[in-house]
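The values are calculated or read from the model by the stated rules, or taken from the named source; none is laboratory data. Since the model is a prediction, treat every value here as computed from it, not as a measurement. A quick note on method: Cβ atoms are made from the backbone with ideal geometry, for glycine too, and the neighbour counts reach across all protein chains shown.
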Amino acid sequence: EADIYQTPRYLVIGTGKKITLECSQTMGHDKMYWYQQDPGMELHLIHYSYGVNSTEKGDLSSESTVSRIRTEHFPLTLESARPSHTSQYLCASSERTGQKAGYTFGSGTRLTVV
Amino acid sequence: RKEVEQDPGPFNVPEGATVAFNCTYSNSASQSFFWYRQDCRKEPKLLMSVYSSGNEDGRFTAQLNRASQYISLLIRDSKLSDSATYLCVVNNHTSGTYKYIFGTGTRLKVLA
């Protein structure tokens, strides 16, 4: 039973469309993250949040934006999708005392922009 | 140089074999360490944390060598179901925040 949910699981969309990838967690975790991962490649941090109204850009430059209005919800938005955005997007969360706590990942959204 | 480095593999081993992966990290101030498992087209899942004294969980043993800045994962009596990519993760404390750094992963294929 998942404690962190991502929707949709798969998305195929045309160039130029605005899309929002949803991520929700029921564990009350303060910290949430968005990673991008191409097949067989490493995870790249694109956004993170340490709590409500806190958002930061990650290591990998991304044209996406995020918001954190509620603790449990951390959506990622692409204003105008492009084929270069095709990838898997993984959401994760961790407890406030993040030093020893592992991450819990959602099942991911596999995005294809045509 | 990458902050966390792993041999990408693949490591092809027969069922029942013992296999070991190493991972090196560059930041000597790294605070904590983990091994994650990722199946093909799935999300990473925490396999085990790595403690300074070394720790074991069933067939899996993790060890940390701070002096040489590497961690290892040993899998005994490999099963077909162990086939996956194993990600080394290091948690660094920089600028007042903790930051997870993921390795690129080592692919393991256990063969019947």
Could you say whether any residue in the range A:6-19 is within 16 Å of A:Leu111 (Cα to Cα) and under 11 Å from the mean Cα position of the chain (by Cα)?
-> yes
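Residue-by-condition table, conditions (1) in a loop (DSSP other than H, G, I, E, B); (2) more than 17 Å from B:Phe21 (Cα to Cα):
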{"site": "B:Tyr36", "(1), (2)": "no, no"}
{"site": "B:Lys42", "(1), (2)": "yes, yes"}
{"site": "B:Leu47", "(1), (2)": "no, no"}
{"site": "B:Glu56", "(1), (2)": "no, no"}
{"site": "B:Leu64", "(1), (2)": "no, no"}
{"site": "B:Ile71", "(1), (2)": "no, no"}
{"site": "B:Val90", "(1), (2)": "no, no"}
{"site": "B:Thr104", "(1), (2)": "yes, no"}
The residue that is nearest to the other protein chains (Cβ to nearest Cβ), considering only those in the range A:16-34 that are out of contact with any Asp or Glu (no Cβ under 6 Å at 6 or more places or on another chain) and loosely packed, with under 12 Cβ neighbours inside 10 Å, is A:Gly28
Considering residues of the range A:80-98 that are part of a loop (DSSP other than H, G, I, E, B) and over 15 Å from the mean Cα position of the chain (by Cα) only, the residue farthest from A:Lys31 (Cα to Cα) | A:Arg82
Examine the range A:43-65 for a residue that is in a strand (DSSP E or B) and at positive phi, and state whether such a residue exists.
-> yes
Is there any pair linking a residue in the range B:42-71 that is within 13 Å of chain A (Cβ to nearest Cβ) to one that is assigned to a loop (DSSP other than H, G, I, E, B) and at pLDDT 95 or above, with Cβ under 8 Å and at least six apart or on different chains, and which?
-> B:Lys42/A:Ser107; B:Lys42/A:Gly108; B:Glu43/A:Gly106; B:Glu43/A:Ser107; B:Glu43/A:Gly108
Residue by residue through the range A:98-114, note down the ones that are at the interface with another protein chain (Cβ under 9 Å from one of its Cβ atoms), at pLDDT 95 or above and surrounded by fewer than 20 Cβ atoms within 10 Å (Cβ to Cβ).
-> A:Ser107, A:Arg110
Output the number of residues of the range A:35-67 satisfying the condition of being more than 9 Å from chain B (Cβ to nearest Cβ), small (Gly, Ala, Ser) and closer than 18 Å to A:Thr109 by Cα.
-> 3
Just wondering, is there one or more residues in the range A:81-88 that are in contact (Cβ under 8 Å) with a residue 24 or more places away in the chain, within 12 Å of another protein chain (Cβ to nearest Cβ) and either closer than 23 Å to B:Cys88 by Cβ or buried (at least 17 other Cβ atoms within 10 Å of the Cβ) (or both)?
-> yes
Counting only residues that are modelled with pLDDT of 95 or more and among the aromatic types (Phe, Trp, Tyr), how many does the range A:36-87 have?
-> 1
Out of (1) surrounded by 13 or more Cβ atoms within 10 Å (Cβ to Cβ); (2) within 28 Å of B:Glu5 (Cβ to Cβ); (3) among the hydroxyl-bearing types (Ser, Thr, Tyr), the odd one out for A:Ser61 is which?
-> (1)
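Is it fair to say A:Glu95 is in contact with a Phe, Trp or Tyr (Cβ under 6 Å, 6 or more places away or on another chain), within 12 Å of chain B (Cβ to nearest Cβ) and surrounded by fewer than 19 Cβ atoms within 10 Å (Cβ to Cβ)?
No; evaluated as a whole, the condition is false for this residue.
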Number of the condition not met by B:Tyr86 [criteria: (1) at pLDDT 95 or above; (2) closer than 27 Å to A:Gly58 by Cα; (3) not in a strand (DSSP E or B)] | (3)
Got at least one residue in the range B:1-15 being closer than 13 Å to B:Ala84 by Cβ, under 12 Å from the mean Cα position of the chain (by Cα) and buried (at least 19 other Cβ atoms within 10 Å of the Cβ)?
-> no
Evaluation of B:Thr106 against (1) within 28 Å of B:Pro14 (Cβ to Cβ); (2) surrounded by fewer than 18 Cβ atoms within 10 Å (Cβ to Cβ) (one fails), failing number = (2)
